[in-house]
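What follows is a set of notes on a single structure, which appears directly below.
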Amino acid sequence: MALPQRRTDIGPPHYKDFLPPVIQKNYGDWKYHEVLSPGVMVHVANSGDKIWSVRVASPRLLSTDTIRDLADIAEKYCGGYIRWTTRNNVEFLVSDEKNLEPLQNELKQKKYMMGGIGSRISNIVHTQGWIHCHSAASDASGLVKVLMDEFADYFTTKETPNKVRMAVACCVNMCGAVHCSDIAVVAVHRKVPTIDHDKVKNMCEVPSTIAACPTGAISPDPAKKSVKINADKCMYCGNCFTVCPPIEIHDPEYDGVAIVVGGKVGNLRSNPKFSKLAVPFIKNNPPRWPEVTSTVRKILDAYVADAKKHERVGEWIERIGWEKFFKVTGLPFTFQHIDDFVIARETFRTAATFKW
């Protein structure tokens, strides 16, 4: 006889425990879904049951007051069922149609921004930035704020040829999704870290500091009872600073952001794609980063004007060619765009044809 399942606090609870009854009843048996408005979508099951999703934007880093307010709204109209998407959108799961309009009215009254469903810009996924991350080269939260201010109409009303996923990462360790987003901003350090040798011997474990470097650029410096860095091998990732703070990676003169484009996760029409470099460096200019927003605007406007319906940004670029991409966006092509990674032959363009 099998023993009853023991409840423990090891690992997360099963996700099915948090699904609305309508979803549990019709799990895996849905007929279709329909986008009713930029912020409302309905799923219809073969049984005839329906559930509505009402999506609003969020800044990702939320106060407890905001979370409590969202939970109270969900309790009032959705039986408490609410979810956060992987892009930090907030979705209220409505099982009773009579609650749909009152929910939207209260969200509007409280100035929550509804939208992001379908061929639009979704909420921008991002990393911690200066508010929390110790190795940040820029402020993810600040960049997301100015980008969403700039492109809010593409979240609420305007459409794009296909969905546009944006991301911001505050360093190249990239706990955001910049590697697989249509347009993404990734902050970069550009200078070899400086070492405070007196503090290293008192604050750091030399073996773990050496092991933290992914390129093997750090080695012992017995004379100073510290470590040294091979500048030719350093890729400015800041991993060493994570385990040994006296190895300082931050530099306000050299830190800034790069912009990458063309990534996607889905395999519809074409395979998933990694993002590729569009702009190698823009210096930090807080609090509004005008150079970043204007550059992203150039890329988005060119995509909206020239892409075919259903084309993602990466598919559009592949169709017109990178030469034309740089021409229509007005972005300069520099030596940083040349892929010189040691095993880059896998990604080289090997044909003799060019697309002008």
ask   = How large, in Å, is segment 192-246 by the Kirkwood hydrodynamic radius built from its alpha-carbon pairs?
value = 10.9
message = Let me cross-check Ser95: its accessible surface, 1.4 Å probe, with only protein heavy atoms counted, in Å² to the nearest 10?
response = 50
remark   = The pairs in Lys108/Lys145; Lys76/Lys98; Lys283/Lys309; Lys108/Lys309; Lys50/Lys76; Lys191/Lys264 lying past 23 Å Cα-Cα in this model are Lys283/Lys309; Lys108/Lys309; Lys191/Lys264
About the Cα centre, charge dipole magnitude for the chain (Lys/Arg +1, Asp/Glu -1 at Cβ), debye = 600
query = What FRET efficiency, computed as 1/(1 + (r/R0)^6) with R0 = 51 Å and r the Cβ-Cβ distance, is obtained for Ser294 and Leu3, rounded to the nearest 0.05?
reply = 0.20
key: Under the Karplus curve 6.51 cos²θ - 1.76 cosθ + 1.60, θ = phi - 60°, whole-Hz ³J(HN,Hα) for segment 291-300, x wherever Gly or Pro sits   = 5, 5, 5, 5, 5, 4, 4, 4, 5, 5
remark   = With -39,500 (n - 2.57) per DSSP H segment of 4 or more residues and division by the full residue count of the chain, the 222 nm estimate, nearest 500 deg cm²/dmol, is -8000 deg cm²/dmol
inquiry  = What number comes out for accessible area per residue over the chain if the probe is 1.4 Å? Units Å², please.
reply    = 56
ask   = Comparing Arg269, Arg319, Arg297, which has the greatest mean-square fluctuation in the GNM of the chain with Cα pairs linked when under 10 Å apart?
value = Arg269
note = Expressed in angstrom, Rg and Dmax over the Cα atoms of segment 1-158 are 18.0, 62
task = Name the residues whose placed amide hydrogens come within less than 5 Å of the amide hydrogen of Arg87, ignoring near sequence neighbours (fewer than 5 apart) on the same chain.
result = none
ask   = Between the helical axis of 100-109 and the dominant principal axis of the chain, each derived from Cα atoms, what acute angle in degrees is found, rounded to the nearest 10?
value = 50
task = Using Cβ-Cβ distances only, list the Cys residues of the chain with no partner cysteine under 4.7 Å, sorted by number.
result = Cys78, Cys133, Cys170, Cys171, Cys175, Cys180, Cys213, Cys234, Cys237, Cys240
request  = Would you mind checking which residues have amide H under 5 Å from Lys228's amide H? H placed 1.01 Å from N; only 5 or more apart, or other chain.
outcome  = Ser219, Asp221
key: Amide N proximity, segment 245-269 versus Lys191 label position 7 Å along Cα-to-Cβ, cut-off under 16 Å   = 246-257
inquiry  = With viscosity set to 0.890 mPa s at 25 °C, what whole-number translational diffusion coefficient in µm²/s follows for segment 119-186 from Stokes-Einstein and a Kirkwood radius over Cα pairs?
reply    = 204
request  = Which order do the peptides 122-131, 27-36, 41-50, 76-85 take when ranked by the mean count of other beta-carbon atoms within 10 Å per residue, highest first?
outcome  = 122-131, 76-85, 41-50, 27-36
task = Take the chain, compute every pairwise Cα distance, and split them into 10 Å bins from 0; I just need the percent in each bin.
result = 5, 20, 26, 23, 16, 8, 2, 0
Apportionment of accessible area to carbon and sulfur, the chain, percent (1.4 Å) = 55
note = Going residue by residue through segment 128-140, the Karplus relation 6.51 cos²θ - 1.76 cosθ + 1.60 with θ = phi - 60° gives ³J(HN,Hα) values, rounded to whole Hz and with x marking Gly or Pro, of 7, x, 4, 5, 9, 6, 7, 10, 5, 9, 7, 9, 4
request  = Positive end of the charge dipole of segment 156-224 (Lys, Arg +1 and Asp, Glu -1 on Cβ, about the Cα centre): tell me which of Met166, Pro222, Val178 has its Cα farthest that way.
outcome  = Met166
ask   = Tell me, what ³J(HN,Hα) does each residue in segment 227-238 have, in order and in whole Hz, if you take phi through Karplus 6.51 cos²θ - 1.76 cosθ + 1.60 with θ = phi - 60° and put x for Gly and Pro?
value = 10, 9, 10, 7, 4, 5, 9, 5, 10, 6, 7, x
key: Contour minus Cα-Cα distance for Ala305 and Met203 (0.36 nm per residue)   = 31.2 nm
ask   = By how many degrees, between 0 and 90 and to the nearest 10, does the Cα long axis of helix 64-77 differ from the longest principal axis of the chain?
value = 20
key: Placed amide H near Val164: partners under 5 Å, 5+ positions off or other chain   = Arg120, Ile121, Ser122
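The values are calculated or read from the model by the stated rules, or taken from the named source; none is laboratory data. Note that the coordinates shown come from a computational prediction; the quantities given were computed from them, not determined experimentally. Because the Cβ atoms are built from the backbone with ideal geometry, glycine has one as well, and the counts that use them run over all protein chains shown. Each accessible area value is taken on the protein alone, full model and side chains, heavy atoms only, with ligands, DNA and RNA left out. Shrake-Rupley method; radii C 1.70, N 1.55, O 1.52, S 1.80 Å.
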